[in-house]
Ligand code: LIP
């Protein structure tokens, strides 16, 4: 079994994410003229989402033909004709924050992570509009444009600025609104950025003190989750569970305990 160097995987990911981001920026004007929908009438997908995914997958196939990819638009498959026994699995969201992309709100990103033997070992998130780029290799810290990230030092709920997000299904949104009703009086304020990958990176560098969201897919949270962990945050579900569709909670240790205690009773 060939040894995979996470730093090499990161270099490949960064190269492809930059190309994809350039293509997305170029295509925006045209892409937003024909918008299709997926899980609900408010869950958009554009030609730019698909083109970016294809560009990254073709780049992966050229560099590592035996690998696998789980992409938001194309699902799980080999990047080439067939997967090798020691395939790396790539977790790709070609445009995270597609609603922001459609509306022209400068908060949408390309997110790509590399997973080896079930563990995410490298990840990059790039804001397509600002060009900000967050990266991490497991065990080697989290970085934004050469600056090491450490997360927030906030330790009180009342002082916590918390990021969150809402699903595309009206019933899910009603439940999420009820949770907000209960927690908003107890925290500093809420921020809804609209891209889980950017939310997790914001938490990694203390632009928010913590972030939580129910309903995330692996491609939404893989790269951002590693970046937040490498900045010293805990990235989990509730009540000791791992992060997943049920809940993703990212916070520095002290705040994490308080938010877990606050959110757990609200998510039976
Ligand atoms: C989005 C997530 C966001 C969530 C949205 C949506 P998409 O992903 O990044 O956190 O609140 O509902 O799921 O659909 O833009 O890739």
- Message: Exactly one condition in (1) surrounded by 14 or more Cβ atoms within 10 Å (Cβ to Cβ); (2) modelled with pLDDT of 95 or more is false for residue 267; which is it?
- Response: (2)
- Query: If you go through region 36-57 one residue at a time, do you hit one that is more than 21 Å from the chain's Cα centre (by Cα) and either in contact (Cβ under 8 Å) with a residue 24 or more places away in the chain or closer than 20 Å to residue 14 by Cα (or both)?
  - Reply: no
- Query: Quick check, is residue 136 away from the ligand (no atom under 16 Å from the Cβ) and buried (at least 24 other Cβ atoms within 10 Å of the Cβ)?
  - Reply: yes
- Query: Would you call residue 145 within 20 Å of the chain's Cα centre (by Cα) and at pLDDT below 95?
  - Reply: yes
- Query: Looking only at strands (runs of 3 or more DSSP E) that fall completely inside region 200-264, which ones have 1 or more residues that are within 13 Å of the ligand (Cβ to nearest atom)?
  - Reply: 210-213, 248-251
- List the number of the failed condition for residue 257; all other conditions in (1) more than 20 Å from residue 92 (Cα to Cα); (2) touching a residue at least 12 places away in the same chain (Cβ under 8 Å) hold. (2)
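Any idea how many residues of region 91-123 are away from the ligand (no atom under 16 Å from the Cβ) and touching a helix residue (DSSP H, G or I) at 6+ places or on another chain (Cβ under 9 Å)?
6
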- Message: Scan region 168-181 and tell me whether some residue there is within 24 Å of residue 112 (Cβ to Cβ), near the ligand (Cβ under 9 Å from one of its atoms) and at pLDDT 95 or above.
- Response: yes
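The values are calculated or read from the model by the stated rules, or taken from the named source; none is laboratory data. Note that the coordinates shown come from a computational prediction; the quantities given were computed from them, not determined experimentally. Heads up, the Cβs are rebuilt from the backbone with ideal geometry, glycines too, and the neighbour counts pull from every protein chain shown.
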